[in-house]
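Structure first, commentary second.
Taken together, the values in this text are just the output of simple stated rules run on the coordinates, not laboratory data. All values derive from a computational prediction rather than experimental measurement. Cβ coordinates were reconstructed from backbone atoms using ideal geometry, including for glycine residues, and neighbour counts include every protein chain displayed.
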Amino acid sequence: MKTIKAILLAAVITMSFSVFAQKSVKIGHINSNELLAAMPERETIQKDIEDYAAQLTTTMDAMRKEYESKVADFQSKQDVMTDIIRDNKIKEITDLEKRITEFQKTAQADLQKKEEKLLQPIIDKAKQAIDDVAKENNYTYVLDSSMGVVLYSIESDDILPLVKKKLGIN
């Protein structure tokens, strides 16, 4: 009885190893930054972001000019101003400084949100193409080499050309 159990156990272990050995792991890698840069939509999005940034810069420049003008006006006339007018002008300049600082913070956050909003559709499109290529070519894992998270790996297939082909990018 013990012999039968031992033979059965050996057979199960042997079959387990042979089934495991048949399941091969296929690893590919891609530089997602390179892919996103190659996508034709990226140029349009980059131009939209640059245009938006230029609008914000124009507004900021106008605020700075107003500030410089008020400071110059104050400096040239402060000797003849009454205390009440001088205090009022100082408060006006200080308030403008605060508005400029607040605008800088808000503009930076708005620009980042705009960029994320515009980039998300092409990120999703690229992700879907990567998923499709991985499934079509039976990859077990696909690593993103642009993230710098792979410290060592055996040679793997770069699927960037396949994903570009899937997206119609030459």
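Measuring against 26 Å, Cα to Cα, the residue pairs Lys47/Lys113; Lys135/Lys164; Lys70/Lys98; Lys105/Lys125; Lys47/Lys125 contain Lys105/Lys125 as the ones spanning a longer distance.
Taking R0 as 41 Å, what's the FRET efficiency between Thr59 and Asn138 from their Cβ-Cβ distance, rounded to 0.05? E between Thr59 and Asn138, to the nearest 0.05, is 0.15. Inter-label distance, Tyr67 to Ile123: 3.2 nm, where each label sits 7 Å from its Cα along the C-beta direction. Only the Cβ atoms of Lys and Arg (+1) and of Asp and Glu (-1) were treated as charged; on that basis the dipole of segment 26-167 about its Cα centre amounts to roughly 160 debye.
Charges on Cβ only, +1 for Lys and Arg, -1 for Asp and Glu, centred on the Cα centroid of segment 34-85; of Ile85, Ala72, Thr44, which one is farthest towards the dipole's positive end? Projecting each Cα onto the dipole axis, the largest value belongs to Ile85.
Compute the FRET efficiency between Glu115 and Ile27 as 1/(1 + (r/R0)^6), taking r as their Cβ-Cβ distance and R0 = 45 Å, and round to the nearest 0.05. Efficiency, from the Cβ-Cβ distance: 0.90. Counting 0.36 nm for each residue step from Met147 to Thr82 and taking away their Cα separation leaves a gain of 17.2 nm. Restricting the calculation to alpha carbons of segment 26-167 gives Rg and Dmax of 25.8, 83 angstrom.
Only Cα pairs under 8 Å and 6+ residues apart enter the sum, and on that basis the relative contact order of segment 26-167 stands at 58 percent.
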